[in-house]
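The values are calculated or read from the model by the stated rules, or taken from the named source; none is laboratory data. Values in this document were obtained by computation on a predicted structure and should not be read as measured data. Neighbour counts are summed over all protein chains in view; Cβ atoms, including those assigned to glycine, are modelled from backbone coordinates with ideal geometry. The protein model used for the area step is the full one, side chains on, heavy atoms only, and it has no ligands, DNA or RNA in it. Shrake-Rupley method; radii C 1.70, N 1.55, O 1.52, S 1.80 Å.
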Amino acid sequence: MPLVPMRQILDEAAKGGYGVGAFNVNNMEQIQAIMEAANETKSPVIIQASRGALKYSRMIYLKKLMEAAVIEYPDVPVALHLDHGNSVATCKQAIELGFTSVMMDGSLGEDGKTPNSYEQNVEVTRAVVELAHPLGVTVEGELGCLGGIEDGHGAGIAVDDTDHLTDPAQAEDFVAQTGLDALAVAIGTSHGAYKSLRKDPKTGEMLPPALAMDRIHDIHERMPNCHMVMHGSSSVPRELVDIINQYGGKMPNTYGIPIEQIQDGLKHGVRKINVDTDSRLAMTGAVRKVLVEHPDKFDPRDWLGPAREASKQVYIKRMVAFGQAGHAGDYKQMSLDDMKKLYKNGSMAKV
Ligand code: G3H
Ligand code: 13P
Ligand code: ZN
């Protein structure tokens, strides 16, 4: 089966009351690990690539690897999504490459750093919807700004800043004005491994970031059909950071997003959960371990193989925790052409 439009995966997740992990990839091993995990757990899945990933993989390699993935696992519904598109042109390029979903991150300007005005965000997101829907392609938009900065992307907002969280009333207007399919919300998560500045005043131990889950609850009450997206949702498991440090890494104590908070989101309209950092941690720990324990080794397969396996184990855990496991065979996979017709004849429900 070809890649499916992300909208179908999200609609089905809403019907089934579960969430779907959207995992970032840059290379063959990550794609294989995700597909193996999805196949073994019988999960629909979203594979996403950032602009950085497209540059690193030189685009055509990523496209061909994804073609191989759907040939190898035809029973796994998989969408290919552009993560944090910065302009209409970038989204257009991804669509031309065969992506079945794009994120127009109009919360920031084209530089991926400067926050946009609300009006600019509406304008650019609506422009991408007008471009994508006639082709059957799904659109994710973002309202509010995430904290932190990753690979040059992000406004550099402090991770404990609350001024840039999503305003639920504005979210209602944003969804109506843009006609998007999925809404990324800013609720206090941030990209990367360092998501929290909070410390226990007595012990000095790091605490998880304080999340404004009430914003998700409020948006879900206002728009029960709106598919929400949680970015920055890696859990940064202590055991993965420990492996990195045990084998020569120097990562300070840190905390990610507890799975329980994500699961609370799933009960209130969150359907897509973005995870990148956890896979990065698993792969880095596995590579460090091999090279420290076997300093004589020099065949890349000796460390890329364990890295692939370590990330696969993370994906399996997330697929089970998000509830997507067991749902791959629930529905007949749609093509972009099928979806195109639904948008065209107006039978696609407003989110
Ligand atoms: O948006 C953040 C994702 O983790 C992608 O990161 O831009 O370093 O590929 P990246
Ligand atoms: P993490 O850095 O928490 O994995 O978030 C990834 C993300 O949101 C990609 O868009
Ligand atoms: Zn993100």
Considering only segment 245-274, state which residues are of a type outside the set (A, V, I, L, M, F, W, C), away from ligand 1 (no atom under 16 Å from the Cβ) and assigned to a strand (DSSP E or B). 271
Restricting to segment 20-41, and then to whatever is within 17 Å of residue 271 (Cα to Cα) and not hydrophobic (A, V, I, L, M, F, W, C), can you tell me which residue is surrounded by the fewest Cβ atoms within 10 Å (Cβ to Cβ)? 24
Specify which of the listed residues (275, 236) is touching an Asp or Glu at 6+ places or on another chain (Cβ under 8 Å), within 13 Å of ligand 2 (Cβ to nearest atom) and open to solvent by less than 20 Å² (accessible area, probe 1.4 Å). 236
Answer yes or no as to whether residue 251 is within 16 Å of ligand 2 (Cβ to nearest atom), more than 19 Å from the chain's Cα centre (by Cα) and modelled with pLDDT under 95. no
Assess whether residue 172 counts as being in contact (Cβ under 8 Å) with a residue 24 or more places away in the chain, over 30 Å from residue 130 (Cα atoms) and away from ligand 2 (no atom under 16 Å from the Cβ). no
Kindly list the number of the only condition in (1) surrounded by fewer than 18 Cβ atoms within 10 Å (Cβ to Cβ); (2) in a loop (DSSP other than H, G, I, E, B) that fails for residue 64. (2)
Of residues in segment 311-351 being out of contact with any helix residue (DSSP H, G or I) (no Cβ under 6 Å at 6 or more places or on another chain) and of a type in the set (Val, Ile, Thr), the one surrounded by the most Cβ atoms within 10 Å (Cβ to Cβ): 351
Take residue 282 and tell me if it is more than 14 Å from the chain's Cα centre (by Cα), closer than 16 Å to residue 37 by Cα and touching a residue at least 60 places away in the same chain (Cβ under 8 Å). no
Just checking, how many residues over segment 200-244 are of a type outside the set (Asp, Glu) and in a helix (DSSP H, G or I)? 12
Would you kindly identify the strands (runs of 3 or more DSSP E) lying entirely within segment 139-199 that contain at least 1 residues that are more than 12 Å from ligand 3 (Cβ to nearest atom)? 153-157, 182-185
Please work out if residue 2 is surrounded by 22 or more Cβ atoms within 10 Å (Cβ to Cβ), of a type outside the set (S, T, N, Q) and more than 16 Å from ligand 3 (Cβ to nearest atom). no
Could you look through segment 42-51, keep only residues that are more than 14 Å from ligand 2 (Cβ to nearest atom) and over 21 Å from residue 257 (Cβ atoms), and pick out the one that is most open to solvent (accessible area, probe 1.4 Å)? 42
Here the residues within segment 241-258 that are among the polar types (S, T, N, Q) and within 14 Å of residue 289 (Cα to Cα) are 245, 246
Scan segment 88-128 for residues that are among the β-branched types (Val, Ile, Thr) and within 16 Å of ligand 3 (Cβ to nearest atom) and report the count. 3
